[in-house]
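The values are calculated or read from the model by the stated rules, or taken from the named source; none is laboratory data. Everything quoted here is computed from the prediction, not taken from an experiment. Don't worry about glycine lacking a Cβ; one is built from the backbone with ideal geometry, like all the others, and counts go over all protein chains shown.
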Amino acid sequence: MIKTLSSWRGLLVVVIILYHTPIVALTEAAHMGVSMFLVMSGTLMMMRHPQVKCTWTQWMLPRARRIYTIHWLVLALIVLAMLPLGKVGSLWTLVSNAMLVHPWCPERAVYLSFNKPTWFLSALLLCYALYPMLSRVFSCLGLRGKWAIAIGVMALHCLVTASVSQPVRDWLFDMPLMRVGDYVRGMAQRQTVTADDARLPRTLRDHSTIVELVVVAVLIAVVIAVGKMPWLDWCEDVTVWWLPLSLLVLTCILVNGSEGMIGRLLSSRPLTWLGSVSLEVYMLAALVSFVYSHYIAAIAGHFGHPEFYDISWPATLPLTLLAAALLHKVTDKRT
């Protein structure tokens, strides 16, 4: 278990909660976070299961059970919150969302229905389903072959996104098949560390704090730069984040056990806890925001306190963390 990777995941989930604030840098960091989750998932999966030694059904069942358990619980709460306001929508949209097939539909009202971030769960399910095949292919290839696949998938992604209109691009951003490249890149990164771990770690471990500071500085610089270059929007979720995300993931792996100042902070109990509930936080953010704006702030405004709308983000963040802790306890027992 690499605690720093888990903590980074938790911190980026918090950034995604703050996605709609006026701060441009947070918006760009949220875009980076989405790719980061899939890259890290591919890397960690390759570390834990370099080869799948069970049937596909045995492989998928526990992973699908965890994802659908959390998804259905949160979806039920969202439907209950929407019913009094008449915002539930069509039965087809609800069923497709419940089955996590809605991101495959190009209609915006469908692929962004109910809990908008659930497209990520659909992408994760697809990556899990493909992993047994991908791991077998990777086991037959050398390091160059693995990176050739990763770069080829990324190049195809860029070619497609560059040749379509912005509305289609918005859908492709959420379409599961288009996110497999991030997962494959994460798998290739783990193989890169395996190939070089005999000669790189000692150098990095002796200067781990400096290495961590450099990587964080690169991340901050890219986030600020991308925010000032809107013409990169068509590719920012692939090529723009490739180098900084690779640096971050590889550094966390290579200095694991000999972390520097930043790594020790990320390994602290509060941040590792945040990483452990990152999926729950991600799933509940939209629900808490909906309930706050349509019920808490609306009722407070009715009684002459419109300032509740102005403090929505500072209020919803702790509420989301509290709800995530409760949901984590419930789903942990059921899965």
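Descriptive notes on the structure:
- Residue count for the stretch 60-86 under the criterion of being farther than 19 Å from residue 125 by Cβ and basic (Lys, Arg): the result is 0.
- Members of the stretch 131-158 that are over 23 Å from the mean Cα position of the chain (by Cα) and farther than 17 Å from residue 49 by Cα: 142, 143, 144, 145, 148
- Filtered residue count, the stretch 290-335, keeping only those that are more than 24 Å from residue 73 (Cα to Cα), modelled with pLDDT of 75 or more and of a type in the set (Val, Ile, Thr): 1
- Residue 33 being at pLDDT 85 or above, buried (at least 20 other Cβ atoms within 10 Å of the Cβ) and among the small types (Gly, Ala, Ser): no
- Per-region count, the stretch 201-260, residues under 20 Å from residue 189 (Cα atoms), surrounded by 15 or more Cβ atoms within 10 Å (Cβ to Cβ), at pLDDT below 80 and of a type in the set (Gly, Ala, Ser): 1
- Restricting attention to the stretch 54-94, the residues that are farther than 20 Å from residue 292 by Cα, of a type in the set (Gly, Ala, Ser) and more than 25 Å from the chain's Cα centre (by Cα) add up to 2.
- Yes/no for residue 120 being under 29 Å from residue 89 (Cα atoms), in contact (Cβ under 8 Å) with a residue 24 or more places away in the chain, under 15 Å from the mean Cα position of the chain (by Cα) and crowded, with 18+ Cβ neighbours inside 10 Å: yes
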